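Structure first, then comments.
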Amino acid sequence: MHLIGAIIIWRLSHRCLRAQSYKTPSFVRRSLARLLLCVTKQIFVANGRLCRLKRKKRRIHQLARQSLSWRDRLSDLNQNLLILKGTAVKLITAIIKHFKLDEVRTALTAIGVSGVTVTEVKGFGRQKGHTELYRGAEYIVDFLPKIKLEAAVSEELLDQALEAIEKAARTGKIGDGKIFVTPIDHVIRIRTGETGASAL
């Protein structure tokens, strides 16, 4: 539009100068021509700046729409993570000494763990077994008797349960045992069909 306007102004001015050339001195015509050229140049420059501003404005609008889109996606992702955090279940497997079982069970019950599974197992770690005497003969026992305690807990109780087991099972001597944590993909209560943390 600026270019069309400049052309119209230039043609009208040119016709006026031609029509009144016998009355208008030459230096005045040259001054008007230079002025018209400067005005035309300024219009071209302004038109280029306006085009660049329009392109920048369109780019800003595109970035704003993309930002809103990513913001919505992040919001949905955060909501899904909160939902998953409330329903995520972890399996705690603790290998402890026999005489620490009651203390560990009491500590877990106190923080709200609803059930545990206990298995008598044998194994060895850094302790590497021990030596015993039988009818005057000395022999090495490679596998030591231990208790394997398993408890499924919600992710909210995980840190408390680990701390409770660690404090209750610790004696400060070698052979106190270990604790393992593994994720559980799915939990179903057979009687009611409940799933996730509500099934514990």
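Taken over region 94-115, the criterion of being closer than 18 Å to Pro145 by Cβ and open to solvent by less than 30 Å² (accessible area, probe 1.4 Å) is satisfied by Ala94, Ile96, Lys100, Val104. The residues of region 183-193 that are open to solvent by 70 Å² or more (accessible area, probe 1.4 Å) and either within 15 Å of Leu157 (Cβ to Cβ) or acidic (Asp, Glu) (or both), listed by number, are Pro183, Asp185. The set of residues in region 163-182 that are touching a residue at least 24 places away in the same chain (Cβ under 8 Å), open to solvent by less than 90 Å² (accessible area, probe 1.4 Å) and either basic (Lys, Arg) or not in a strand (DSSP E or B) (or both) comprises Ala164, Ile165, Ala168, Ala169, Thr171, Gly175, Asp176, Gly177.
Can we say Thr171 is modelled with pLDDT of 85 or more, under 15 Å from Glu103 (Cα atoms) and of a type in the set (S, T, N, Q)?
Values: modelled with pLDDT of 85 or more: yes; under 15 Å from Glu103 (Cα atoms): yes; of a type in the set (S, T, N, Q): yes.
Criteria met by Thr171.
The values are calculated or read from the model by the stated rules, or taken from the named source; none is laboratory data. Everything quoted here is computed from the prediction, not taken from an experiment. Glycine also receives a Cβ, built like all others from the backbone with ideal geometry; neighbour counts cover every protein chain displayed. Keep in mind that these areas ignore ligands, DNA and RNA; they rest on the heavy atoms of the full protein, side chains included. Shrake-Rupley method; radii C 1.70, N 1.55, O 1.52, S 1.80 Å.
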